[in-house]
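Engineer: Pasting in a structure now, in structure tokens, and then I'll have a few things to ask.
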Amino acid sequence: MAGLSSPGIGSGLDINGLVAKLLSVEQRPLAALDKKEADYQAKLSAYGTLKGSLSSFQTAAHALTSPTLFNSLSATAADPTILTATTVGSAKAASYNIEVTQLAQAHKLTAAAVTDPTANIGTGTLTIDFGTYDSIGNTFTVNAAKTAQTVTIDATHSSLNGIRDAINSANIGVTANIINDGTGYRLTVGSNDSGANNSLRVIVSNDSSGTNTDMLGLSQIAYDPTAVALSGKNLTETLAAKSATLKIDGLSITKSSNSISDAIQGVTLNLLKTSVLNTPTTLTVASSPGNVTTAVNAFVSAYNATNKLMQDLGGYDAAKKQAGLLLGDATLRGMQSQLRALIGQNLDTAGGGLSSLSDIGVSFQRDGSLALNAAKLNAVLADPTKNVATLFAKIGVTSDSLISYAGSTADTQPGNYGINLTQVPVRGAQTGSVALALTNTNVIDVTNNTLTLSVDGTSANITLNTGTYTADTLTAEIQARINSDFTLSGLGKQVTVSQTGGLLTVTSNSYGANSSVSITGGTGLTPLFGTITTTAGADVAGQIGGVAGTGAGQLLTGGANASGLQLLVSGGVVGARGTVGYDIGIGYQLDQALSSMLASTGSISGRTTGIGNSIKDIGSQRQALNLRLAATEKRLRAQFNALDSTIASMQSTANYLTQQLASFTSSTR
């Protein structure tokens, strides 16, 4: 019987069937594990769907955290072909009559034609100034806001192509090109900025031809508008530098650019073409709350979608007798409660005349959803005493127009804080005692054209351009030379030079104790400044909420409950300076809470990690159970095979006895 190849062949028993039925009982725990795993997988899928919905809600909440969203004014021109306009938060509702009489234009210069743009022109140095050319007085006044720029033309850049590339690579505010006009190749040089005060002056030095103003060598590129043609004025002007001119409500205004942001507070004008003479267009700055309304609607819709999903996942449908996938889930309940509490809270120190979402028409309904009363929201947006930004954003509102909210930290506590200044911020400065002539009689030559000074602790030596100046043009020249010094400009240290009654004042552009100007030498010290009076820079100092703050330049940072609250002081006087109301808006709080929920270490991640671990544990249990089932099957088959052999042996014996009895009976007969 040891040679049986199929279970039950010896006994006729259905061993495979018997083993299968016995194992089916043993396999019932596997089915339970499969169901449990399917439940866990369904919960993972549910959390994935919930995570996507929460992310969409966060996007809607985050959109409401930017104070700039609540700039509810827009500017519209009656004739948009003349100009367009945009607004920022400081804009005020008003109407303006605007007539554009001239568009700004950038200065363009062209060199003489050459037959080969790769042929050698010459080497040397180009110094490019920006300024204003007065054709009547034949004077060039440097633009004090821009520094002179130097370009070295070496042997590898001595061709027309090379000069173009060297200028463009220097990135100095001018652009060079080469144009073939049919007579030859011409180098064109143009200012990147428009405006009469951005005319170009190109001075050549170290010309390899030996002379810096003739029509030989690099001097061909020279252009001094005050010089004689072909003797230092060697480029041809193809487009004159022009400033934009316009009238706003009858007031004449001149600006260097066609984009004007400092004529009307909070409004940027973009000039497109000139007006018909004496025919102004009307610019209307009016309320346009559409962006805020859209954002609030999106916020309400996103919350309602998330709330509905949470209710479906965590609730029970009595009609369908079906439980949600996350019924009884503590993590889901916790998130629901947190979101509802944040949305329903009151802000006590927002400072914008609003304390809750219900104040703008957003309120909870009986089913837990939100509804928006559009009429109430529009009424609040139209009310100048209300600031909706304070309800959603993290923001501070000051009562003093010369003090503004600049920032805060996680340690800053909401509250209303009094402001008291003991020191306003001061810029370091020095003022001379020698009065310059207000007219064009100040001569600068080698006897008085150098100054040694330091700005904010960094020393520099400057050389003024020789020439005859008025008090104003000399002031601009001194400022331009100081601000073009590479050592100072490389560190971002700049000055403003002014004159009052001919007395020069050099003021650092920075504020604070480290702000200083010190003019210590040079041939121009005594003739231009005489005896100098020094103003020391000072940091702002004072208290926020009765606690001494830390001053750094114009920034005053609070301590205690106002820890980290930063105020920017633009001016004014010492003493009580009103209050600042600071609060963390509902939109900002929701944005932070949702970020925490969705973070890799957040509540959703922790819950899904736990579910994942449970699924892994089920896998381990399934593996152990399968091993046990395999062992059980092996044992059962061994037992049934043994039984099969025994029965087969007994059947063989029975057959033998039957044959013997039959043989015995036959023999007896």
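Engineer: Using 1/(1 + (r/R0)^6) with R0 = 60 angstrom and r between the beta carbons of Ser301 and Ser205, what's the FRET efficiency to the nearest 0.05?
Structural biologist: 0.35
Engineer: Can you divide the C-alpha Rg of region 228-309 by 2.2 N^0.38 Å and report the result to two decimal places?
Structural biologist: Against the empirical 2.2 N^0.38 Å value, I get 2.05 for region 228-309.
Engineer: By counting other Cβ atoms within 10 Å of each Cβ, how are Phe70, Phe364 ranked from fewest to most?
Structural biologist: In order of increasing Cβ crowding within 10 Å: Phe364, Phe70.
Engineer: Mind listing the long-range amide H neighbours of Leu503? Cut-off is under 5 Å, sequence gap 5 or more, other chains count too, H placed in the peptide plane at 1.01 Å from N.
Structural biologist: The answer is Leu436.
Engineer: Still on this structure, I have one more. Looking at Ala31, Gly418, Thr523, which one has the Cα that reaches farthest to the positive end of the dipole of the chain (charges on Cβ: Lys, Arg +1; Asp, Glu -1)?
Structural biologist: Result: Ala31.
Engineer: I would also like to ask the following. Taking the inverse of the average 1/r across all pairs of different Cα atoms in region 550-669, what Kirkwood radius in Å do you get?
Structural biologist: With all distinct Cα pairs of region 550-669 included, I get 24.6 Å.
Engineer: If you don't mind, there's one more thing I want to ask. Got a sec to turn the phi values of region 492-509 into Karplus ³J(HN,Hα) couplings, 6.51 cos²θ - 1.76 cosθ + 1.60 with θ = phi - 60°, whole Hz, x for Gly and Pro?
Structural biologist: With coefficients 6.51, -1.76 and 1.60, one gets x, 9, 10, 9, 10, 10, 9, 9, 10, x, x, 7, 7, 10, 10, 10, 5, 7 Hz.
Engineer: A further question on this structure: Taking the Cα centroid of region 282-328 and of region 341-393, what is the distance between the two, rounded to the nearest whole Å?
Structural biologist: When both Cα centres are located, 16 Å separates them.
Engineer: Scaled to the compact-protein estimate 2.2 N^0.38 Å, what is the alpha-carbon radius of gyration of region 108-239, rounded to two decimal places?
Structural biologist: 0.97
Engineer: Would you mind pulling out the separation of the Cα centroids of region 162-216 and region 568-632, in Å?
Structural biologist: Rounded to whole Å, the Cα centres lie 60 Å apart.
Engineer: Along the Cα→Cβ direction, 7 angstrom out, place labels at Ser666 and Ala20. What is the inter-label distance in nm?
Structural biologist: 4.3
Engineer: Sticking with this one: Counting only residues 5 or more places away or on other chains, whose amide H sits under 5 Å from the amide H of Asn448 once H atoms are built in the peptide plane?
Structural biologist: Those qualifying (amide H under 5 Å, at least 5 residues apart or on another chain) number zero.
Engineer: Give me Val189, Val497, Val580 sorted ascending by neighbouring Cβ count inside 10 Å, so fewest comes first.
Structural biologist: Neighbour counts put them in this order, fewest first: Val497, Val189, Val580.
Engineer: What ³J(HN,Hα) values, in whole Hz, does the Karplus curve 6.51 cos²θ - 1.76 cosθ + 1.60 give for region 267-278 when θ = phi - 60°, with x put for Gly and Pro?
Structural biologist: Running phi through 6.51 cos²θ - 1.76 cosθ + 1.60 with θ = phi - 60° gives 10, 10, 8, 10, 7, 10, 7, 7, 7, 5, 3, 6 Hz.
Engineer: Same structure again: Report, to two decimal places, the Cα Rg of region 598-660 normalised by 2.2 N^0.38 Å (N = number of residues).
Structural biologist: Compared with the compact-globule rule of thumb, region 598-660 sits at 2.52.
Engineer: Okay, moving on. With each label point set 7 Å from Cα along the Cα-Cβ vector, what nm distance links Leu327 and Ser355?
Structural biologist: 4.2
Engineer: Treat each spin label as a single point 7 Å out from the Cα along the C-beta direction, and report the Leu657 to Asn514 distance in nm.
Structural biologist: Result for the modelled spin labels: 11.5 nm.
Engineer: Please check which bits of region 369-405 a label hung off Asn416 would reach, taking the label as a point 7 Å along Cα-to-C-beta and the cut-off as backbone N under 20 Å.
Structural biologist: Inside the label zone: 384-405.
Engineer: May I pose another question? On full extension of the chain, what length is gained from Ser596 through Thr183, given 0.36 nm per residue of separation minus the C-alpha to C-alpha distance?
Structural biologist: Contour length minus Cα-Cα distance gives 141.7 nm.
Engineer: Continuing with the same structure: Could you give me the percent of Cα pairs per 5 Å distance bin for region 496-623, shortest bin first, beginning at zero and ending with the bin that holds the maximum distance?
Structural biologist: Result, from short to long distances: 2, 8, 10, 10, 9, 8, 8, 7, 7, 6, 5, 5, 4, 3, 2, 2, 1, 1, 1, 0 percent.
Engineer: Could you give log10 I(q)/I(0) at q = 0.06, 0.09, 0.11, 0.12 Å⁻¹ for the chain, computed by the Debye formula over C-alpha point scatterers of equal weight, without solvent?
Structural biologist: For the chain, the Cα-only Debye profile gives -0.62, -1.02, -1.22, -1.30.
Engineer: From the backbone phi of region 183-196, what are the Karplus-calculated ³J(HN,Hα) couplings (6.51 cos²θ - 1.76 cosθ + 1.60, θ = phi - 60°) in whole Hz, Gly and Pro given as x?
Structural biologist: Karplus-based 3J(HN,Hα) across region 183-196 equals 9, x, 9, 10, 7, 10, 10, x, 6, 6, 10, 7, x, 4 Hz.
Engineer: Once you treat every alpha carbon in region 267-337 as an equal point and sum by Debye, what is log10 I(q)/I(0) at q = 0.28 Å⁻¹?
Structural biologist: Calculated log10 I(q)/I(0) at the listed q: -1.20.
Engineer: Please compute the volume of the convex hull spanned by the alpha-carbon atoms of region 513-554 and report it per residue in Å³.
Structural biologist: 73
Engineer: Continuing with the same structure: Using Cα positions and a limit of under 18 Å, work out the aspartates and glutamates in reach of Lys493, with same-chain residues fewer than 8 apart set aside.
Structural biologist: Asp456, Glu477, Asp485, Asp539
Engineer: Report the one residue of Ala593, Tyr185, Gly131 whose Cα lies farthest in the direction of the positive end of the charge dipole of the chain (charges on C-beta: Lys and Arg +1, Asp and Glu -1; origin at the Cα centre).
Structural biologist: Ranked along the dipole, the leading option is Ala593.
Engineer: I've got another one for you. Keeping to pairs on different chains or 8 or more places apart, tell me how many lysine pairs in region 225-371 have Cα atoms under 22 Å apart.
Structural biologist: Eligible lysine pairs with Cα atoms under 22 Å apart amount to 8.
Engineer: Another one. Can you tell me which lysines have their Cα less than 27 Å from the Cα of Lys21? Leave out same-chain residues fewer than eight positions away.
Structural biologist: Of all the lysines, those that pass the test against Lys21 - Cα under 27 Å, at least 8 places apart if same chain - are Lys35, Lys36, Lys634.
Engineer: Mind listing the long-range amide H neighbours of Ala222? Cut-off is under 5 Å, sequence gap 5 or more, other chains count too, H placed in the peptide plane at 1.01 Å from N.
Structural biologist: Asn234
Engineer: Quick one: if you take sqrt(5λ) for each eigenvalue of the C-alpha gyration tensor of region 429-535, what semi-axes come out, biggest first, whole angstrom?
Structural biologist: They are 21, 15, 12 Å, listed largest first.
Engineer: Taking other Cβ within 10 Å of each residue's Cβ, how do Thr211, Thr520 sort, fewest first?
Structural biologist: Going from least to most buried by this count: Thr520, Thr211.
Only the coordinates and a few stated rules stand behind these numbers; no lab work does. Keep in mind that this is a model prediction, so the values were computed, not measured. Reconstructed Cβ throughout: ideal geometry from the backbone, glycine too, with neighbour counts over all protein chains shown.
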